1. Free of Cβ contacts under 8 Å to residues at least 40 places away in the same chain and not in a loop (DSSP other than H, G, I, E, B): which single residue out of 141, 146, 93, 101 fits that description?
2. Would you point out which residue out of 121, 129 is surrounded by fewer than 18 Cβ atoms within 10 Å (Cβ to Cβ), at pLDDT below 95 and not polar (S, T, N, Q)?
3. Do you know which residues across segment 32-56 are buried (at least 17 other Cβ atoms within 10 Å of the Cβ), part of a loop (DSSP other than H, G, I, E, B) and touching a Lys or Arg at 6+ places or on another chain (Cβ under 9 Å)?
4. Provide a single number: the residues in segment 167-187 that are under 27 Å from residue 111 (Cα atoms), at pLDDT 85 or above and open to solvent by 70 Å² or more (accessible area, probe 1.4 Å).
5. Name the pairs: first residue in segment 44-68 and free of Cβ contacts under 8 Å to residues at least 12 places away in the same chain, second residue part of a strand (DSSP E or B) and not basic (Lys, Arg), Cβ to Cβ under 6 Å, at least 6 apart or on different chains?
6. When you scan segment 133-145, how many residues do you find that are within 22 Å of residue 54 (Cα to Cα) and open to solvent by 30 Å² or more (accessible area, probe 1.4 Å)?
7. Here's a check for you: in segment 88-127, which residue that is touching a strand residue (DSSP E or B) at 6+ places or on another chain (Cβ under 6 Å) and of a type in the set (Ser, Thr, Tyr) is farthest from residue 139 (Cα to Cα)?
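The values are calculated or read from the model by the stated rules, or taken from the named source; none is laboratory data. In this text, all values refer to a predicted model and were calculated from it rather than measured experimentally. Here the Cβ is made from the backbone with ideal geometry for all residues, glycine too, and neighbour counts use every protein chain on show. Side chains included, ligands, DNA and RNA excluded: accessible areas come from the protein's heavy atoms. Shrake-Rupley method; radii C 1.70, N 1.55, O 1.52, S 1.80 Å.
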Amino acid sequence: MTLHRTDEQVGLSKATEKKIDELYSLIDGVGVAMMTTRRRDGRLVSRAMASQERQSIADLWYMASLDSHKFDELRNDPNINLSFYRDGTREWVSVSGTARVSRDRSLIHRLYRKDWKAWLGDEGGAEDGSPDDPRIGLILVDVDAVTFFKLDKPRPLVLFEVVKGIITGQKPDIGDVRQLTGSDFDDVR
């Protein structure tokens with residue numbers, strides 16, 4: 001059986017696709033996420049993680065050394081938050097998701113980038129920062145929900161809106177807070 005989408009559903013799909021493209025554009029523009037995990041004692045901890053090139057393996061993904069505490073934390077609780085902030089425009093992204101850990105050597109070989117070696121170092125032997133380095137692990141993030149602020153106006157208009165807000169007391173209209181859910185990513189997964 002073939003299902004036909006209505007014009008309204010096609011429009012919603014294009015609107016969702018546009019929001020997803022805007023989201024990835026913001027993330028690419030920032031490049032570094034603050035990844036927050038939960039320690040065994042329940043406290044939250046964040047660390048900077050370099051965002052990797054968009055791939056169909058996950059909504060977002062990262063490389064890290066399996067020796068780091070973040071992997072213990074993810075085994076204990078796979079729920080994470082990724083936050084991004086672009087200082088020049090004040091745009092931001094908050095991603096809630098579920099992390100999966102991968103040690104798949106063929107996947108690591110396919111995705112490997114030479115700059116990973118800088119984060120791993122050459123400890124000698126197999127721990128040389130190459131794609132065969134046994135310390136390399138991948139953190140694959142499946143999105144549950146995203147909230148982000150996207151600037152919609154050129155910088156001079158933003159400045160005008162802010163000054164107008166200061167003078168009139170009205171909140172400046174410079175952009176929108178947008179939201180996506182995990183199901184919005186189903187078609188791009």
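1. Values: 141 fails: free of Cβ contacts under 8 Å to residues at least 40 places away in the same chain; 146 fails: free of Cβ contacts under 8 Å to residues at least 40 places away in the same chain; 93 fails: free of Cβ contacts under 8 Å to residues at least 40 places away in the same chain.
Unique residue meeting the criteria: 101.
2. Numbers: 129 fails: surrounded by fewer than 18 Cβ atoms within 10 Å (Cβ to Cβ).
Selected residue: 121, the only one of 121, 129 that is surrounded by fewer than 18 Cβ atoms within 10 Å (Cβ to Cβ), at pLDDT below 95 and not polar (S, T, N, Q).
3. Scanning segment 32-56 gives a single hit, 52.
4. Here the count works out to 1.
5. 44/36
6. The qualifying residues number 3.
7. Result: 89.
So that you can scan it fast, the table gives a plain yes or no per residue for (1) over 24 Å from residue 75 (Cβ atoms); (2) modelled with pLDDT under 95:
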{"residue": "98", "(1), (2)": "no, no"}
{"residue": "103", "(1), (2)": "no, no"}
{"residue": "116", "(1), (2)": "no, yes"}
{"residue": "134", "(1), (2)": "no, no"}
{"residue": "140", "(1), (2)": "no, no"}
{"residue": "165", "(1), (2)": "yes, yes"}
